[in-house]
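Colleague: First, the structure itself, so that you have it in front of you.
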Amino acid sequence: MKRRTALQVLAAGVAPGQMPSAQHHPVSLAQTSSSYKPRFFSPEQIGLLAQLTEMIIPADDHSPGAREANVNLFIDLMVSHSARDVQEQWTSGLKLLDTEAEKRSGKPFLKCRAAEQDRIMAAMAANEREPNTDLERFFTRLKLMTVDGYYTSAIGIHRELQYKGNAVLSEFPGCRHSDH
């Protein structure tokens with residue numbers, strides 16, 4: 001078993017004897033929206049996660065963002081295989097987010113204008129290095145899972161990072177930078 005596959009299996013909580021084929025691997029399924037059925041979050045929460053993850057890793061002219069990489073579905077898969085306390089942290093975090101949006105703008109986060117969403121996200125991220133509130137801790141958890149999901153997706157690995165795979169070198173040419 002390849003190292004990446006082993007890590008994905010461990011992350012998804014699948015026993016090696018139950019390992020599906022590569023194209024039906026749990027993480028791959030979560031990142032192929034047409035075949036994935038949500039396992040933990042409601043459709044509304046899946047939509048909220050799609051918006052939040054896209055705000056963290058937006059599409060640009062270099063590569064697609066978290067929405068196209070289906071990071072929200074990756075989060076659903078990971079949380080569905082997590083301990084109950086982790087699941088509760090995610091559901092309460094999403095509720096706290098909507099509560100904050102209601103407090104600031106009188107409507108749930110997804111109904112807020114883009115500028116309002118940006119201000120709420122900025123407030124959540126303000127103390128990212130040392131979160132003090134449950135909402136700030138939720139942001140840290142959300143950002144870490146977004147980055148994990150994005151950079152384990154084909155979009156993150158191949159289109160963003162432009163990883164071509166391992167290549168055998170017959171010799172190592174050394175640094176070719178003109179300053180060295």
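Colleague: Tell me yes or no: at least one residue of region 99-113 is at pLDDT 95 or above and among the aromatic types (Phe, Trp, Tyr).
Modeller: yes
Colleague: Can you pull out the residues in region 49-101 that are farther than 21 Å from MET121 by Cα and of a type in the set (Ser, Thr, Tyr)?
Modeller: SER63, SER80, SER82, listed by residue number.
Colleague: Then there is this: If you go through region 58-80 one residue at a time, do you hit one that is under 18 Å from GLN45 (Cα atoms), surrounded by fewer than 17 Cβ atoms within 10 Å (Cβ to Cβ) and either among the hydrophobic types (A, V, I, L, M, F, W, C) or over 19 Å from the mean Cα position of the chain (by Cα) (or both)?
Modeller: no
Colleague: Name every residue in region 140-164 that is in contact with a helix residue (DSSP H, G or I) (Cβ under 9 Å, 6 or more places away or on another chain) and without any contact (Cβ under 8 Å) to a residue 40 or more places away in the chain, in order of residue number.
Modeller: THR140, TYR151, ILE157, LEU161, TYR163, LYS164
Colleague: Oh, and also: Out of everything in region 30-44 that is closer than 12 Å to SER80 by Cβ and modelled with pLDDT of 80 or more, what residue ends up being surrounded by the most Cβ atoms within 10 Å (Cβ to Cβ)?
Modeller: In this case the residue turns out to be PHE41.
Colleague: Does region 98-117 contain at least one residue that is under 25 Å from SER63 (Cβ atoms) and not small (Gly, Ala, Ser)?
Modeller: Taking every residue of region 98-117 in turn, at least one turns out to be under 25 Å from SER63 (Cβ atoms) and not small (Gly, Ala, Ser).
The values are calculated or read from the model by the stated rules, or taken from the named source; none is laboratory data. Quick caveat: nothing in here was measured; it's all calculated off a predicted structure. As a convention, Cβ positions derive from the backbone with ideal geometry for all residues, glycine included, and neighbour counts pool all protein chains shown.
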